[in-house]
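The values are calculated or read from the model by the stated rules, or taken from the named source; none is laboratory data. Given the structure is predicted, the values throughout are model-derived calculations rather than measurements. Methodologically, a virtual Cβ is constructed for each residue, glycine included, from the backbone with ideal geometry; neighbour enumeration extends over all protein chains shown.
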Amino acid sequence: MLKKALIFAAVGMVLWGVAGRVRAEECDNPGSLTDTVKIQQCIGKYNGILEAITKANATNQQQLANFKSQISNLKSQISSLDGQLDKLSDEVFEREVRVGVKRELLSAKVRMDYVRKSDQGVLLMLFSSESAGEFFRDLAYREKLARMDQEEITEVGREIKDLSAQSSALSAQKNNLAGLKVRVDKQAEFLAQEVEKASRYEADLGGKISALTARQQALISEKTGTYATSVGDVPLADDPAARPDYNPGFSPAFAVFSFGAPHFKGMSQYGAFGRAKSGQNYRQILEAYYGNVEIRKVNVPPVIKTSAGTLAFEGRYLRGIAEMPTVWADQGGYEALKAQAVAARSYALAYTSWRINNQNASGSICVTEACQVYRNSKADSPGRWGDAVRDTEGEIVVGKASGEVVNTWYASTSGGHQKSYSSLGHSTPGFWDTTSDWTRWAEGAWEAKGGSPWFYKGWYKSRGGKTCGRNHPWLKVEEFADVVNAAIVVANGGDTSGIFPEDVRSCWGGSDNPWSRQKLAEEANKYGGAVSSVTGVRVEHSSSGVTDKVILTTNRGTVTISGANFERAFNLRAPGALSLKSGLFNIEKK
């Protein structure tokens with residue numbers, strides 16, 4: 001208890017020391033804060049308090065667990081003593097009965113002898129016996145029996161005395177344990193209340209910190225754009241400024257290029273296009289992306305429920321799926337359209353709860369990219385896409401191991417590495433989608449053969465076309481060094497509360513007050529020194545399909561940052577709408 005009291009005293013000192021820097025009423029209403037400096041102070045305050053409370057509460061929780069364990073052991077011991085006491089009580093009772101019986105028998109014998117001796121004197125008994133020897137033998141025999149009875153009564157009496165002593169000792173022990181249990185119960189009850197209060201306070205602080213940092217997460221979402229990336233009915237236009245051969249007009253210059261865009265699972269549509277142009281049929285394409293599967297013809301439902309109403313399944317809904325350019329059929333990609341038709345059919349059935357052994361699909365599917373894009377205009381005039389639907393009518397993807405329809409995800413461009421996923425008992429493979437060795441995957445990537453403009457791209461526009469005044473993804477050395485400093489802070493678990501783009505207000509609005517480059521450099525100085533210049537950069541990729549390391553040659557020497565930390569820092573600090581769409585990326589310098 002003394003240890004716990006000291007812990008709470010330490011927490012109180014932290015609360016007093018931190019609270020002195022910022023008024024509590026300001027921090028307790030995050031929505032009213034517009035000054036980023038105060039937001040940062042509040043985040044620092046809450047983080048300090050939360051750390052102290054968390055440590056103290058962890059200790060209390062451990063102590064509470066120990067108390068609960070003690071209470072459980074005490075209950076077990078008391079229960080055992082109760083059993084022993086019951087057993088002793090039974091034994092005492094049994095022996096008391098035996099003593100009572102013996103005493104009654106002895107009393108009866110004594111009374112009989114007394115009566116007999118009263119009626120017949122000793123001399124008469126002596127003279128009436130056939131001989132003096134017989135008389136004395138009878139007398140001795142009676143005395144012997146009386147002594148035996150008395151000895152047995154004495155022995156049982158001693159047993160009763162011993163058992164009674166044991167019973168008294170056990171009763172005392174039980175009373176001591178019961179008293180200890182009462183005290184431990186009270187301690188546990190008090191500590192449980194303290195843990196509950198501290199846990200509520202932790203949750204409250206976590207909510208306040210989340211409210212203060214939510215703006216950063218919102219900015220990342222705006223910049224990276226979390227959205228499905230199916231091709232749609234019209235191929236994406238290439239952007240010369242987003243290519244690595246673009247000349248930004250200054251040097252040195254650095255740009256970060258993403259391989260693909262989310263979500264990297266299932267069938268790559270541009271990869272399917274590249275495979276089809278190389279002679280693969282739709283079954284080979286589907287098997288490549290979905291793994292251990294078979295293409296099976298089934299009786300599909302006549303209609304499907306959608307957010308646009310109930311539609312004829314084959315004759316209207318599938319004909320209106322606008323997820324792959326129809327013109328690919330005339331560019332050597334007709335087998336890709338057929339693979340897309342089978343994938344779209346399988347996805348729709350899986351989504352609406354249709355199953356091999358329960359073919360009454362009761363669910364509904366949306367008609368946007370959140371599910372599958374459907375357009376009435378496409379259904380009215382599907383062109384070669386309609387041929388692909390008709391040529392694969394009723395065909396779906398079924399897992400060989402699961403025996404169930406496969407939930408066939410697909411997306412435009414994975415960047416050359418397909419991630420595995422599991423659904424409805426089937427797991428797709430994770431693999432490098434290339435004809436080359438994975439260390440040179442881009443050379444033989446099927447998506448590159450399919451001409452995907454998203455295979456390797458520098459993203460400097462938001463999805464809505466916002467550029468924030470920038471017309472390319474290239475950064476000057478001081479801009480790139482600033483991003484590297486942000487990555488140093490992120491990688492070391494430092495304070496990230498001021499890591500926003502410097503132009504966040506003009507580009508994204510709001511009242512954020514991001515750190516200046518100087519302030520961010522000061523933060524980076526806490527972790528080995530800030531970077532002011534970068535003369536070289538290279539990346540190392542992992543066989544798992546992500547960028548493993550970013551290795552930079554800087555004024556402070558070689559700086560190595562994990563790919564995940566650099567990606568987060570870049571999306572937090574890079575100016576304008578610059579962003580990374582993938583964990584598989586590269587950095588170029590010119």
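Here are a few things to note about the model shown:
- Verdict on Cys366 being touching a strand residue (DSSP E or B) at 6+ places or on another chain (Cβ under 6 Å) and surrounded by fewer than 20 Cβ atoms within 10 Å (Cβ to Cβ): no
- Matching entry among Glu335, Glu314 (being under 17 Å from Gly271 (Cβ atoms), acidic (Asp, Glu) and either over 38 Å from the mean Cα position of the chain (by Cα) or modelled with pLDDT of 95 or more (or both)): Glu335
- Set Glu588, Glu567: member being surrounded by 22 or more Cβ atoms within 10 Å (Cβ to Cβ), charged (D, E, K, R) and either within 18 Å of Gly260 (Cα to Cα) or assigned by TED's automatic domain parsing to the domain that holds Gly465 (or both): Glu567
- With respect to the conditions (1) within 15 Å of Lys305 (Cα to Cα); (2) under 30 Å from the mean Cα position of the chain (by Cα); (3) in contact (Cβ under 8 Å) with a residue 40 or more places away in the chain; (4) surrounded by fewer than 20 Cβ atoms within 10 Å (Cβ to Cβ), Gln359 falls short on a single one, namely (2).
- Residues being over 32 Å from the mean Cα position of the chain (by Cα) and farther than 30 Å from Val550 by Cβ - total across the stretch 256-306: 26
- Checking Pro248, Pro244 one by one, the residue that is part of a loop (DSSP other than H, G, I, E, B) and in contact with a strand residue (DSSP E or B) (Cβ under 6 Å, 6 or more places away or on another chain) is Pro244 and no other.
- Test: residue in the stretch 461-474 that is surrounded by 21 or more Cβ atoms within 10 Å (Cβ to Cβ) and farther than 25 Å from Tyr246 by Cβ: no
- Qualifying residue in the stretch 465-481 (condition: without any contact (Cβ under 8 Å) to a residue 24 or more places away in the chain and either closer than 30 Å to Asn299 by Cα or assigned by TED's automatic domain parsing to the domain that holds Gln518 (or both)): yes
- Which listed residue, of Ser436, Ser452, is over 30 Å from the mean Cα position of the chain (by Cα) and either modelled with pLDDT of 95 or more or crowded, with 19+ Cβ neighbours inside 10 Å (or both): Ser452
- For the stretch 545-564, the tally of residues that are under 34 Å from the mean Cα position of the chain (by Cα), in contact (Cβ under 8 Å) with a residue 60 or more places away in the chain and more than 16 Å from Ser258 (Cβ to Cβ) stands at 4.
- Sole exception among (1) surrounded by fewer than 18 Cβ atoms within 10 Å (Cβ to Cβ); (2) under 30 Å from Trp441 (Cα atoms); (3) in contact with a Lys or Arg (Cβ under 7 Å, 6 or more places away or on another chain) for Trp409, by number: (1)
- The combined condition, being crowded, with 20+ Cβ neighbours inside 10 Å, in contact with a Gly (Cβ under 6 Å, 6 or more places away or on another chain), farther than 27 Å from Gly416 by Cα and among the aromatic types (Phe, Trp, Tyr), is not fulfilled by Trp508.
- Those helices (runs of 4 or more DSSP H) lying entirely in the stretch 481-586 with at least 3 residues charged (D, E, K, R) and under 22 Å from Tyr460 (Cβ atoms): 563-573
- Within the stretch 291-308, the residues that satisfy the criterion of being exposed (fewer than 14 other Cβ atoms within 10 Å of the Cβ) and closer than 17 Å to Ser353 by Cα are Asn299, Pro302, Ser307.
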